[in-house]
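For reference, the structure is listed below as structure tokens.
The values are calculated or read from the model by the stated rules, or taken from the named source; none is laboratory data. What you see is a predicted model, and the numbers here were worked out from it, not measured in a lab. Every residue, glycine as well, gets a Cβ built from its backbone with ideal geometry; the counts of neighbours run over all protein chains shown. For the accessible areas, the whole protein counts, side chains as well, though only heavy atoms, and no ligand, DNA or RNA atoms are used. Shrake-Rupley method; radii C 1.70, N 1.55, O 1.52, S 1.80 Å.
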Amino acid sequence: MADFDWPWQYKFPPFFTIQPNIETRKKQLEAWCSLVLGYQRQVKRYNLDVTEAQSSELFYNKQLNRRLSLEAIYIVLDELKRRGNLEWKDKNRKACTLIWRTPAEWGKIIYNWISSKAMNNTVCTLYELSNGEDSEGEEFHGLDKEILVRALRSLEAEGKAEFMDFDGHEGVKFF
């Protein structure tokens with residue numbers, strides 16, 4: 001991906017081997033966590049399939065012919081989980097959701113956009129919010145539905161929105 005600004009570590013072969021020295025490992029995991037979240041944010045992907053990730057450019061630098069092992073990928077993902085940036089979707093830990101913003105932070109971004117467009121006291125479908133023409137170019141455009149619902153629920157808890165479900169169609173009214 002030409003647009004992504006790869007960190008210098010990505011071009012450093014030892015980066016792809018978990019380091020035994022505790023202090024070095026801490027710095028390495030910090031760099032990996034930052035890389036994973038930054039990359040996923042840039043490509044607007046919220047979910048990660050661990051099996052597919054092994055051969056993705058995120059964990060495999062073809063120029064160096066270096067790949068992070070599956071065991072090392074799990075070490076990085078476990079660190080992201082510990083930091084609150086990852087939730088496993090299954091018990092086998094094969095798929096996860098990456099969280100670079102909390103649902104409350106996404107809710108605030110969406111609410112600020114709604115307010116700036118004078119769309120308070122209107123009802124929007126979830127599709128309109130995350131995939132509609134009006135939201136194109138906004139950071140939340142294309143937001144994963146599960147994360148979007150959680151963001152809207154956080155706004156509902158603050159009294160800024162009401163989540164609605166009518167005949168299987170989900171929407172939200174903003175106040």
Exercise. Quickly run through the range 71-106 and pick out the residues that are under 10 Å from L48 (Cβ atoms) and either of a type in the set (D, E, K, R) or part of a loop (DSSP other than H, G, I, E, B) (or both).
Key: K89, K94
Practice problem: Among the residues of the range 13-45, write down those that are in a loop (DSSP other than H, G, I, E, B) and open to solvent by less than 100 Å² (accessible area, probe 1.4 Å). | Solution: T17, I18, Q19, N21, V43, K44
Quiz item: Could you count how many residues in the range 1-12 are open to solvent by 50 Å² or more (accessible area, probe 1.4 Å) and either part of a loop (DSSP other than H, G, I, E, B) or among the aromatic types (F, W, Y) (or both)?
Solution: 6
Self-check item: Filter result for the condition that a residue is without any contact (Cβ under 8 Å) to a residue 40 or more places away in the chain, open to solvent by less than 60 Å² (accessible area, probe 1.4 Å) and not polar (S, T, N, Q), over I73, I99
Solution: I73
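Matching residues to (1) open to solvent by 10 Å² or more (accessible area, probe 1.4 Å); (2) of a type in the set (A, V, I, L, M, F, W, C); (3) at pLDDT 90 or above; (4) in a strand (DSSP E or B):
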site: I109; (1), (2), (3), (4): yes, yes, yes, no
site: N112; (1), (2), (3), (4): yes, no, yes, no
site: A118; (1), (2), (3), (4): yes, yes, yes, no
site: N121; (1), (2), (3), (4): yes, no, yes, no
site: L129; (1), (2), (3), (4): no, yes, yes, no
site: E138; (1), (2), (3), (4): yes, no, yes, no
site: V149; (1), (2), (3), (4): yes, yes, yes, no
site: S154; (1), (2), (3), (4): yes, no, yes, no
site: V172; (1), (2), (3), (4): no, yes, yes, yes
